[in-house]
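Inspection log for the structure reproduced underneath, given as structure tokens.
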Amino acid sequence: MNERKELRVQKIKDGTVIDHITAGYALDVLRILGLTGKEGLTISVVMNVPSHKLGLKDIVKIEGKELLEEEVHKIALIAPNATINIIRDYEVLSKMKVKIPDNLIGLVKCGNPSCITNSREPIKPVFHVISRDPLLIQCYYCRRIMDRSEALLNLI
Ligand code: CTP
Ligand code: ZN
């Protein structure tokens with residue numbers, strides 16, 4: 001780790017570091033976590049910094065917060081190469097690569113307006129992941145297939 005990078009963002013004491021986010025997507029990650037900055041948490045956002053693995057990447061550091069499994073799955077849709085690091089007392093306690101699950105339950109709204117999941121029925125949208133790269137998901141109810149950009153537009 002070089003000195004310039006150390007100056008750019010400090011290490012954190014306790015919390016979560018979401019690393020290797022696809023360059024340009026850090027704000028989308030914060031949005032799906034529902035973080036606006038008004039919660040009072042200390043958050044560092046770094047965008048478009050060089051990465052050994054990816055060319056450029058974004059990083060989000062959230063102090064004093066741990067993520068729910070559902071949140072990790074949504075991050076996987078936005079940033080399929082992201083790594084979630086749990087930090088305790090300055091050490092990396094655990095490191096996990098995000099993974100898109102086989103089925104997305106209640107994470108993405110169906111893009112088909114006449115789908116039953118968009119009616120007034122209380123039915124959670126369910127998508128089966130047909131392919132991860134490129135991302136293709138299929139609605140369990142109306143069989144509509146959505147690609148990555150449509151899925152991201154419909155994140156719940
Ligand atoms: N980090 C942090 N605060 C700490 C410890 C780590 O902000 N107290 C950050 C690092 O800056 C890095 C990420 O958490 O962005 C993962 O840390 P580490 O595993 O030490 O870095 P690498 O080995 O480079 O990670 P990887 O192998 O996942 O690229
Ligand atoms: Zn549908």
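The values are calculated or read from the model by the stated rules, or taken from the named source; none is laboratory data. The shown structure was predicted, so the numbers you read here are calculated from the model rather than taken from an experiment. Neighbour counts are summed over all protein chains in view; Cβ atoms, including those assigned to glycine, are modelled from backbone coordinates with ideal geometry.
Within the set of pairs 6+ apart or on separate chains, which have a first residue in the range 8-20 that is within 6 Å of ligand 1 (Cβ to nearest atom), a second that is of a type in the set (K, R), and C-beta atoms under 8 Å apart?
Hits for this filter: I12/K61; V17/K61; D19/K57.
Quick check on the range 108-121. Is at least one of its residues of a type in the set (A, V, I, L, M) and within 30 Å of V46 (Cα to Cα)?
Scanning the range 108-121 turns up at least one residue that is of a type in the set (A, V, I, L, M) and within 30 Å of V46 (Cα to Cα).
Go over the candidates K61, K38, K5 one by one and state the one that is of a type outside the set (A, V, I, L, M, F, W, C), within 11 Å of ligand 1 (Cβ to nearest atom) and at pLDDT 95 or above.
K61
Would you tally the residues in the range 23-42 being of a type in the set (V, I, T) and in contact (Cβ under 8 Å) with a residue 60 or more places away in the chain?
1
Among the residues of the range 138-153, write down those that are modelled with pLDDT under 95 and among the polar types (S, T, N, Q).
S149
Quick check on the range 49-64: of everything there that is of a type in the set (K, R) and part of a strand (DSSP E or B), which residue is surrounded by the most Cβ atoms within 10 Å (Cβ to Cβ)?
Once the filter is applied, the top-ranked residue is K57.
Can you give me the ranges of the strands (runs of 3 or more DSSP E) entirely in the range 103-156 with at least 2 residues that are in contact with a helix residue (DSSP H, G or I) (Cβ under 7 Å, 6 or more places away or on another chain) and either more than 16 Å from ligand 1 (Cβ to nearest atom) or over 12 Å from L77 (Cα atoms) (or both)?
Counting at least 2 such residues, we get 135-139.
Residues that are part of a strand (DSSP E or B) and surrounded by 15 or more Cβ atoms within 10 Å (Cβ to Cβ): does the range 65-82 have at least one?
no
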